[in-house]
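Enquirer: What follows is a structure written as structure tokens; I'll ask about it next.
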Amino acid sequence: MITLSGIHTILIEMELLNTQINCPYCGEPIDILLDDSVEQQDYYEDCSVCCRPIRVCISTDVDGDLLLDIKRDDEC
Ligand SMILES: [Zn+2]
């Protein structure tokens with residue numbers, strides 16, 4: 001949760017990491033961009049090969065490392 005004071009403009013530097021994952025449907029490697037400035041993310045990324053929605057769950061562990069969980073939409 002980010003609280004804005006109203007006086008200052010807070011610029012959040014987004015660090016985008018380009019990561020390669022394998023599509024859980026067709027198995028093709030696709031590139032996704034990770035934004036590690038957000039602690040937890042859960043979104044869909046369409047596979048660039050078969051166009052099916054890949055569920056990408058990103059969280060951080062206690063060491064601050066990014067944990068990436070790739071799921072099929074029909075798995076959960
Ligand atoms: Zn695919």
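Enquirer: Under the condition of being within 16 Å of Lys71 (Cβ to Cβ) and in a strand (DSSP E or B), which residue from region 35-46 is nearest to the ligand (Cβ to nearest atom)?
Expert: First, the residues of region 35-46 that are within 16 Å of Lys71 (Cβ to Cβ): 40-46.
Subset that is in a strand (DSSP E or B): 41-46.
On the way: Gln41: 20, Asp42: 19, Tyr43: 16, Tyr44: 13, Glu45: 10, Asp46: 9 Å.
Looking at the filtered set, the residue picked out is Asp46.
Enquirer: Ok, one more. Considering Ile2, Ile32, Ile58, Ile10, which residue is modelled with pLDDT of 80 or more and more than 16 Å from the ligand (Cβ to nearest atom)?
Expert: Just one listed residue meets the conditions, Ile58.
Enquirer: Of everything in region 30-49, what is loosely packed, with under 14 Cβ neighbours inside 10 Å and among the hydrophobic types (A, V, I, L, M, F, W, C)? Give them in sequence order.
Expert: Passing the criteria: Leu33, Val38, Val49.
The values are calculated or read from the model by the stated rules, or taken from the named source; none is laboratory data. In this text the structure is predicted, and so the values were computed from the model without any measurement. As a convention, Cβ positions derive from the backbone with ideal geometry for all residues, glycine included, and neighbour counts pool all protein chains shown.
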